[in-house]
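Note sheet for the following structure.
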Amino acid sequence: MKENQKSLNTSRSRIDEIDEEILQLLRERNDTVKQVIDTKIKNKLPIFIAEREEEKITQFCEKAKALGLDPEWAGDFLRMIMSSSRAYQSGNTFPKTSSGTKNILIIGGKGGMGSLYSNIAECSGHNVSILEKEDWDRVEELVRKKDLVIVTVPINVTEQTIEKIGPYLDNKTILADFTSNKSQILDAMMNVHDGPVVALHPMHGPDVTNVSKQLMMVCHGRDSESYEWLMEQFRLWGLRLKFVDPEQHDRAMHLIQGLRHFVALLHGSFMREFDLKPEEMADFSSPIYRAELMMTGRIFAQDAELYADIVFSNFERRTLLIEFLEHHEKLAQMVKDNDREGFIREFRSISGFFGDFADQALQESSYMINRLADRFG
């Protein structure tokens, strides 16, 4: 064997040993995390503390730089480890609020979001009951002495469900919902229930392994002091809370959900019409188009009725979609007229509208593209 080959084999062998040492250290870290879990549960501490995490990442990056390592890479490495730790902490037991055990009824608790939050609430020691459409003959029994009732059913039957449950609620029971529309739903809850009311919108799907670092939108309804324990519980689970006006929420959701999902429909429909097979497109894609293609494909892996409910949820959203399509016709005219200068003017005008956010988007999207290329290249 040549001398340089021997040297290479020796180095590779040492790399294998170092990788094994890293795995052993990660296992030791997980064992220590278990002790942290026990302490957090015992002392009712949150799973995710943003300030603590950012402080650790900053210190870790500074130490990496001092050792001649790429601090940005080191920060990503630690984030992945900490994310794994949060998932590990969220596996079996969660901390419970200082208010103690609560009795919770989840209407639609066997659905995706209902199942997720039923499990998390039970893992925090709360008593959870579920009401499905076949259980309405037991509604009085199920709703009795409940501290919280959450409506998490399809959008198109949410108001009907709220009207149906309203007469059975005790005036101390908190009435909440998980619907992506807030103004109309909040009004419906306020109309049928004289007690505490809060409108909620989890900004994630039911497929997350844990809810730490996920966003929960909150629209105040009535008697916010009565549901402060629920906000505390969300924080203990690691959720980030954003308190918003219902009209502001709905305006944002028209774009974030309604418009985005309709654009996915346009994208997918055009591909089907011209037989642009997604697996072939992926083979020819740059990382950024691959990411767009995956986000489109992700939608079509899910339930058509769910997305129809989102897109056609109310008159305001449908009106925005019509205006969106009419605006597209104006832009399409530039293509028909071969108006290159008009395109440039429109592009520059939009760049001015996006302002500094465009630079932020370039930086964040470049990060995602590089990670995607590393993972799937």
**Asked** Based on what the data block shows, is L265 more than 28 Å from K102 (Cα to Cα), at pLDDT 90 or above, surrounded by fewer than 18 Cβ atoms within 10 Å (Cβ to Cβ) and over 16 Å from the mean Cα position of the chain (by Cα)?
**Response** yes
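Just give me the residues in segment 245-260 being in a helix (DSSP H, G or I) and out of contact with any helix residue (DSSP H, G or I) (no Cβ under 7 Å at 6 or more places or on another chain), in sequence order. Step through it out loud before you land on a result.
In the first step, residues of segment 245-260 are kept if they are in a helix (DSSP H, G or I); the result is 246-260.
The answer is Q248, H249, R251, A252, M253, L255, I256, R260.
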**Message:** Is it the case, given these coordinates, that A308 is under 30 Å from V157 (Cβ atoms) and without any contact (Cβ under 8 Å) to a residue 40 or more places away in the chain?
**Reply:** yes
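Does K213 satisfy the criteria of being assigned to a loop (DSSP other than H, G, I, E, B) and modelled with pLDDT of 95 or more? If you could, list the steps in order and put the result at the bottom.
Numbers: assigned to a loop (DSSP other than H, G, I, E, B): yes; modelled with pLDDT of 95 or more: no.
Against the criterion (assigned to a loop (DSSP other than H, G, I, E, B) and modelled with pLDDT of 95 or more), K213 does not qualify.
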**Prompt:** Which of the residues that make up segment 199-214 are crowded, with 17+ Cβ neighbours inside 10 Å and hydroxyl-bearing (S, T, Y)?
**Reply:** S212
**Request:** Identify, by number, the condition in (1) touching a Leu at 6+ places or on another chain (Cβ under 6 Å); (2) under 23 Å from P46 (Cα atoms); (3) free of Cβ contacts under 8 Å to residues at least 60 places away in the same chain that V197 doesn't meet.
**Result:** (2)
**Message:** I'd like to verify a number: residues in segment 131-156 that are more than 24 Å from R235 (Cβ to Cβ) and over 23 Å from the mean Cα position of the chain (by Cα), how many?
**Reply:** 15
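Quick grid of which residues meet (1) in contact with a Lys or Arg (Cβ under 7 Å, 6 or more places away or on another chain); (2) within 22 Å of V218 (Cα to Cα); (3) at pLDDT 95 or above:
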residue	(1), (2), (3)
L105	yes, yes, yes
K110	no, no, no
M113	no, yes, no
T152	no, yes, yes
V157	no, yes, no
D177	no, yes, yes
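Could you tell me whether N43 is of a type outside the set (A, V, I, L, M, F, W, C), under 35 Å from the mean Cα position of the chain (by Cα) and exposed (fewer than 10 other Cβ atoms within 10 Å of the Cβ)? Write out each step before concluding.
On the way: of a type outside the set (A, V, I, L, M, F, W, C): yes; under 35 Å from the mean Cα position of the chain (by Cα): yes; exposed (fewer than 10 other Cβ atoms within 10 Å of the Cβ): yes.
Against the criterion (of a type outside the set (A, V, I, L, M, F, W, C), under 35 Å from the mean Cα position of the chain (by Cα) and exposed (fewer than 10 other Cβ atoms within 10 Å of the Cβ)), N43 qualifies.
In segment 127-174, which residues are touching a residue at least 40 places away in the same chain (Cβ under 8 Å), closer than 22 Å to T97 by Cβ and of a type outside the set (K, R)? Write out each step before concluding.
Of all residues in segment 127-174, those touching a residue at least 40 places away in the same chain (Cβ under 8 Å) come to 145-156, 161, 165, 172, 174.
Remaining after also requiring closer than 22 Å to T97 by Cβ: 145-152, 172, 174.
The answer is D147, L148, V149, I150, V151, T152, I174.
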**Prompt:** Quick one: in segment 268-287, which of the residues that are of a type in the set (D, E) and more than 27 Å from A308 (Cβ to Cβ) is modelled with the highest pLDDT?
**Reply:** E280
**Prompt:** So N314 clears everything in (1) under 30 Å from the mean Cα position of the chain (by Cα); (2) at pLDDT 85 or above; (3) not basic (K, R) except one condition, right? Which one?
**Reply:** (2)
**Message:** Given (1) among the charged types (D, E, K, R); (2) over 18 Å from E232 (Cα atoms); (3) touching a residue at least 60 places away in the same chain (Cβ under 8 Å), identify the lone condition not met by E62.
**Reply:** (3)
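To keep it simple, each residue is scored yes or no on (1) assigned to a helix (DSSP H, G or I); (2) assigned by TED's automatic domain parsing to the domain that holds Y227; (3) surrounded by 21 or more Cβ atoms within 10 Å (Cβ to Cβ).
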| site | (1), (2), (3) |
| --- | --- |
| M113 | yes, yes, no |
| I120 | yes, yes, no |
| Q160 | yes, yes, no |
| N171 | no, yes, no |
| L175 | no, yes, yes |
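Just to be sure, is G205 closer than 27 Å to R298 by Cβ and small (G, A, S)? Spell out how you get there, then give the answer.
Working: closer than 27 Å to R298 by Cβ: yes; small (G, A, S): yes.
Considered against the rule, which asks whether it is closer than 27 Å to R298 by Cβ and small (G, A, S), G205 comes out as yes.
Tell me the residue from L105, L131 that is within 21 Å of L306 (Cα to Cα) and either of a type in the set (S, T, Y) or buried (at least 23 other Cβ atoms within 10 Å of the Cβ) (or both), please. Quick ask: steps written out before the conclusion?
Working: L105 fails: within 21 Å of L306 (Cα to Cα).
Only one candidate passes the filter, namely L131.
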**Message:** All but one of (1) among the charged types (D, E, K, R); (2) at pLDDT 90 or above; (3) not assigned by TED's automatic domain parsing to the domain that holds L148 hold for R290; state the number of the condition that does not hold.
**Reply:** (2)
**Fill in**
The condition of being touching an Asp or Glu at 6+ places or on another chain (Cβ under 8 Å) and over 20 Å from F178 (Cβ atoms) holds, among P95, P71, only for P71
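The values are calculated or read from the model by the stated rules, or taken from the named source; none is laboratory data. Bear in mind the structure is a predicted one, so any value in this text is a computation, not a measurement. We place every Cβ from the backbone using ideal geometry, glycine too, and count neighbours over all the protein chains shown.
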